[in-house]
Amino acid sequence: MKARTCWNAVCTVEDLVPESGIAVWTEDGPVAVFYLPHRLPALFAISHTDPFSGANVLARGITGDLKGEPVVASPLYKQHFNLITGVCLEDDSVRVKTYAVLLDGNRIVLETADKQREAVAA
Amino acid sequence: MSKKTLIVIGNGMVGHHFLEQFVASPEAAEYEILVFGEEKQLAYDRVHLSEYFTGSTHADLAMGTADWYTGQGIKLQLNEPVTALERDQRMVTTPKGNYGYDELVLATGSFPFVPPIEGREHPHCFVYRTLDDLDAIRASAQDGKSGVVVGGGLLGLEAANALRSLGLQAHVVEFAPRLMPVQLDTDGGALLRHKIEELGVQVHTEKATTDIVEGENARLRMNFNDGSHLETDLIVFSAGIRPQDALARASGLEVGERGGIVVNDQCTTSDPHIHAIGECALWDQRIFGLVAPGYTMARTLASVLNSDRNAAFTGADMSTKLKLLGVDVGSIGDAHGQTPGARNIRFNDEQAGHYRRMVISADGKTLLGAILVGDNSHYDTLLQYALNGIALPSNPETLILPEGQGGAPTLGPDALPETASICSCHNVTKGDICGVIDAGCSDLAGVKAETKASTGCGGCTALLKNVVDNELEKRGVAVSKDLCEHFPYSRQDLFHLVKVNGIRTFRTLISQHGKGQGCDICKPVVGSILATCWNEHILATDHVPLQDTNDTFMANMQKNGTYSIVPRIPGGEITPDKLIVLGEVAKEYDLYTKITGGQRVDLFGATLSELPEIWEKLIAAGFETGHAYGKSLRTVKSCVGSTWCRYGVQDSVGMAIHLENRYKGLRAPHKVKMAVSGCTRECAEAQSKDFGVIATENGWNLYVCGNGGMRPRHADLFATDLSDEELIRTIDRVVMFYVRTADRLQRTSVWMENLEGGLDYLKKVILEDSLGICAELEEHMNGIADTYQCEWKTAVEDPEKRKRFREFVNLPEQKDPVQQWTTERGQRRPVLESA
């Protein structure tokens with residue numbers, strides 16, 4: 001059975017930085033949202049936590065593309081993460097969580113696990 | 001069948017090299033190998049011994065590791081001298097027991113010769129050979145002011161340099177009328193003397209010490225045969241070496257009249273089961289006191305033990321190229337012209353401090369020897385002519401005349417025969433290099449790994465690169481200089497494109513000259529180039545996404561995602577009031593506080609959202625950003641200079657502040673460090689910086705392209721006795737030339753090493769304006785200095801820019817839960833656990 005999820009507004013378009021990332025706090029913990037205006041779709045969301053250091057820093061990495069795939073480089077040890085799949089390019093056994101993200105009017109909405117409803121269901 | 005036993009006595013460079021060669025050979029499987037070392041440390045690099053005083057440890061100098069020995073099945077017994085050798089029973093004795101052998105290798109090296117001078121046993125008299133010797137010298141130097149080296153040869157001058165690096169006033173006392181009497185002639189020796197005296201080392205020639213007694217003003221007094229004397233706190237004897245042949249002598253092996261274990265071409269002694277290699281061995285009545293011939297003997301013996309009938313040691317080239325106290329000295333072949341009929345060509349430029357002498361055969365066709373002082377750039381070419389007997393050009397004098405005096409014909413790698421020795425330490429010929437390239441090696445690193453070329457003394461680095469590049473080019477291998485998959489250009493190309501086409505954004509550059517969206521390689525490079533060219537704020541909207549996180553947030557990210565802050569403290573000078581502000585801010589935000597190596601204060605543990613608040617306070621107190629996060633000028637370190645110091649000859653602090661304020665904020669391919677010392681004692685360690693300035697009585701000496709850190713490099717003396725204005729102008733030019741032409745993340749030291757033509761070329765460009773670009777370089781630097789802005793000041797004043805410093809944009813109060821803290825030595829530090 002698919003886990004219950006919900007969509008939450010996390011910030012507005014004004015908060016985004018073109019070609020870069022910002023961090024938001026969600027029920028699921030810290031999430032990095034990237035805005036790459038030259039791609040379609042232009043929004044990507046992955047966990048903000050760098051799996052190699054445990055620090056919450058991925059939104060502060062440099063974005064770009066490698067072989068056409070959108071990536072962010074961890075600012076600590078420089079591993080690249082695919083923004084669509086979350087897979088680490090240097091070590092494909094490592095993967096960060098990815099989130100569906102949409103533009104709803106002026107708001108950025110993110111799909112995360114619905115902790116409250118899960119709790120009720122349990 | 002049980003294995004035979006091979007015992008090696010001596011664990012020095014040559015002994016170690018022999019083991020490396022032997023264990024890689026088939027015969028190694030037949031032997032148990034047992035090694036005895038007298039010293040307590042594993043074999044280390046004695047050639048670079050003086051680096052022990054400038055930061056290298058035994059581990060840095062070590063030739064191998066204990067693990068390597070274990071892995072090869074070699075039993076290594078250090079700190080265990082062999083005291084007796086019983087040839088009849090094929091047995092050696094140590095304080096710990098008796099050991100039988102089938103084959104024995106003596107690699108016992110040499111010991112320093114101490115002339116029989118009365119008083120030489122004084123506790124502050126030393127020799128210079130082992131790490132223990134150096135430890136003892138260092139201990140003695142701690143409360144001494146001066147030191148004397150007895151012996152002005154190669155090793156003696158190394159020792160003098162070591163004393164100097166310990167902060168002593170160094171003296172060299174030589175019996176002969178000149179320094180390095182074996183390698184140099186009168187003119188060469190005189191020039192070398194002049195140069196090292198300029199560096200503050202006192203040279204005393206034609207002095208024979210009669211006795212050493214208690215001193216009046218120092219610990220010791222040396223009396224000389226001419227009635228003069230010298231007072232000093234310690235003495236280092238470096239008056240030559242003697243082969244360590246005591247064991248061989250006691251056991252009745254044939255030894256030379258003046259010492260040395262007699263060996264034949266197979267490095268075997270008068271006992272067929274005993275062999276000797278390195279400085280203890282006497283071959284053809286000669287002792288070889290250099291490492292390269294020792295290595296050749298080691299290789300020969302390894303082959304001999306593998307029953308290679310052709311293996312033979314046939315003598316070795318004793319040519320040497322070295323830098324003594326920063327002065328180039330080279331000596332090739334028959335340097336003194338002792339071959340009958342030999343003729344000389346000499347070039348002596350007292351102005352520039354260059355001396356070159358060629359010794360040519362009677363028929364004028366071949367080069368027999370050469371002497372170089374002050375500039376070794378001709379060494380490689382001359383050595384190849386001499387070693388390979390290559391026919392000299394009809395105007396051989398052009399080989400040593402300065403360029404531009406009729407065009408010196410350089411000997412391109414193509415002119416070298418296949419047999420030409422490129423690396424004499426590891427005996428690698430041009431043919432060997434071609435061989436590994438044909439077998440698939442396609443770059444310099446590969447050739448080095450495959451052949452070991454240039455991994456010994458490193459003297460052949462430039463020549464090796466030339467040969468490899470030339471061979472690769474001949475085979476049509478294009479060496480890719482592309483920055484990354486987005487730009488088919490080098491950093492230098494991109495700089496040119498940006499500058500010439502007036503490009504001001506990354507987007508324009510990549511759409512016109514690249515492809516894709518960019519990456520973490522090209523974006524910061526372009527960001528840096530744009531900053532250098534146009535000097536716009538690095539947080540201008542177009543530039544934000546180009547920067548590494550440290551540049552974006554203008555602080556240094558630490559392992560837990562927090563940042564450290566380094567305010568600029570120009571020249572390391574700070575008022576008590578400002579120091580109090582730093583303390584107050586650190587206290588308020590509970591920042592871990594540490595003094596940096598660059599005379600500043602580093603404040604650790606600030607969160608993203610705290611950064612602008614902290615900087616508001618620092619700016620209000622008059623601080624500016626220190627650019628510790630940027631590929632740009634970090635600090636200009638200084639000593640206190642003539643204002644306070646009784647030795648200082650110029651105001652080093654004033655100059656350091658001036659330099660720091662001029663170059664702060666300039667974006668470069670990598671970080672840039674500078675230092676200013678107020679006198680030749682060099683307390684600011686300027687010679688380890690990208691730009692080092694040392695005060696003289698007449699102005700400033702400028703050193704360039706030094707480096708500390710991972711790959712230390714002494715800076716090269718670039719210009720002397722400059723006025724304040726000349727100094728600034730020269731640095732302006734070099735800095736801008738570096739910024740324009742260096743590769744990504746290339747420090748000035750590596751940039752210089754890769755610059756075709758090296759130091760001489762750089763001098764021509766900067767001091768003689770050979771490219772006609774100096775006016776433009778100066779103008780560019782002036783423009784940057786004029787448009788400087790403190791990035792933090794601009795950032796805290798701009799609400800849009802401040803928005804970037806929110807930890808979580810939707811929950812400003814949310815603390816980052818992974819940042820856990822504990823207390824250590826009275827300060828806060830992160831709990832070190834990663835997920």
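The values are calculated or read from the model by the stated rules, or taken from the named source; none is laboratory data. In this text the structure is predicted, and so the values were computed from the model without any measurement. Cβ atoms come from the backbone with ideal geometry, glycine included; neighbour counts cover every protein chain shown. These accessible areas exclude ligands, DNA and RNA; they are computed on the full protein's heavy atoms, side chains included. Shrake-Rupley method; radii C 1.70, N 1.55, O 1.52, S 1.80 Å.
A few comments on the model shown:
- By accessible area with a 1.4 Å probe, ligands and nucleic acids excluded, highest first: order of A:TRP7, B:TRP283: A:TRP7, B:TRP283
- At R0 = 56 Å, FRET efficiency that the Cβ-Cβ distance of B:ASP542 and B:ASP211 yields, to 0.05: 0.15
- If you take all other residues with their beta carbon under 13 Å from the beta carbon of B:LEU777, and give Lys and Arg +1 and Asp and Glu -1, the sum is -1.
- Centroid-to-centroid separation of the stretch B:51-101 and the stretch B:558-580 [C-alpha atoms, Å]: 49 Å
- Cα pair distances of chain B binned at 20 Å [whole percent]: 13, 40, 35, 12, 0
- Shape analysis of the stretch B:317-411 places it in the oblate category; the axes a ≥ b ≥ c from the Cα gyration tensor give an a/c of at least 1.5, with a/b not above b/c.
- With a 10 Å cut-off around each Cβ of B:787-795, the average count of Cβ atoms from other chains is 0.
- Under the Karplus curve 6.51 cos²θ - 1.76 cosθ + 1.60, θ = phi - 60°, whole-Hz ³J(HN,Hα) for the stretch A:45-59, x wherever Gly or Pro sits: 9, 9, 4, 7, 8, 6, x, 7, 10, x, 8, 8, 9, 4, 4
- For the segment A:13-23, counting C-beta atoms of other chains within 10 Å of every residue's C-beta and taking the mean gives 5.
- The Cβ shell under 11 Å around B:ASN223 holds other residues with a net charge of -2, Lys and Arg each +1, Asp and Glu each -1.
- In order through the stretch B:274-282: 3J(HN,Hα) via Karplus (6.51 cos²θ - 1.76 cosθ + 1.60), integer Hz, x for Gly, Pro: 10, 10, 9, 9, x, 5, 8, 8, 10
- Amide H contacts under 5 Å for B:SER270, placed H, 5+ residues apart: B:GLU254
- Rg over Rh, two decimals, the stretch B:491-547 (C-alpha only, Kirkwood Rh): 0.90
- The rule of thumb for compact globular proteins, 2.2 N^0.38 Å, goes into the C-alpha radius of gyration of the stretch B:726-835 1.76 times.
- Its Cα gyration tensor gives the stretch B:197-315 an equivalent ellipsoid; the semi-axes, largest first and in whole Å, are 42, 17, 11.
- Alpha-carbon geometry of the protein assembly as shown: the Rg and the Dmax are 32.4, 106 Å, given in that order.
- Label-to-label distance for A:LEU103 and B:ARG249 is 9.0 nm, based on points extended 7 Å past Cα in the beta-carbon direction.
- Cα centroids of the stretch A:26-103 and the stretch B:729-781: 40 Å apart.
- Dipole axis of chain B (+1 Lys, Arg; -1 Asp, Glu on Cβ), positive-most option in B:VAL82, B:LEU509, B:GLY315: B:LEU509
- Within the shell defined by Cβ-Cβ distances under 12 Å, the residues around B:VAL585 carry a net charge of -3, with Lys and Arg each +1 and Asp and Glu each -1.
- Average projected area [Cα convex hull, the stretch B:114-239], square nanometres: 7.1 nm²
- Protection proxy ranking of B:24-32, B:775-783, B:694-702 - average other beta-carbon atoms within 10 Å, highest first: B:694-702, B:775-783, B:24-32
- Simple spin-label estimate for A:ALA42 and B:ASP769 in nanometres, 7 Å along Cα-Cβ: 5.0 nm
- Placing unit charges on each Cβ (+1 for Lys and Arg, -1 for Asp and Glu) gives the protein assembly as shown a dipole about its Cα centre, and among A:PRO51, B:LEU163, B:ALA139 the Cα reaching farthest toward its positive end belongs to A:PRO51.
- Placed amide H near A:CYS11: partners under 5 Å, 5+ positions off or other chain: A:ILE108
- Using only side-chain charges placed at the Cβ, +1 for Lys and Arg and -1 for Asp and Glu, the dipole size of chain B relative to its Cα centre rounds to 1300 debye.
- Seen from every direction in turn and averaged, the convex hull around the alpha carbons of the stretch B:493-631 projects onto 9.6 nm².
- Largest first, the extents of the alpha carbon coordinates of the stretch B:417-476 on the three principal axes equal 30, 23, 18 Å.
- Additional length obtainable on full extension of the chain from B:ALA312 to B:ARG829, 0.36 nm per residue less Cα span: 179.9 nm
- Across the options B:CYS519, B:CYS484, B:LEU530, the greatest Cα extent toward the positive end of the charge dipole of the stretch B:456-542 (unit charges at beta carbon of Lys, Arg, Asp, Glu) belongs to B:LEU530.
- Across chain A, counting alpha-carbon atoms alone, Rg and Dmax equal 14.3, 45 Å.
- Assuming charge only on the beta carbon of Lys and Arg (+1) and of Asp and Glu (-1), the dipole of the stretch B:144-294 about its Cα centre is about 260 debye to the nearest 20.
- Shielding of B:513-520 by partner chains, average beta-carbon count, 10 Å: 6
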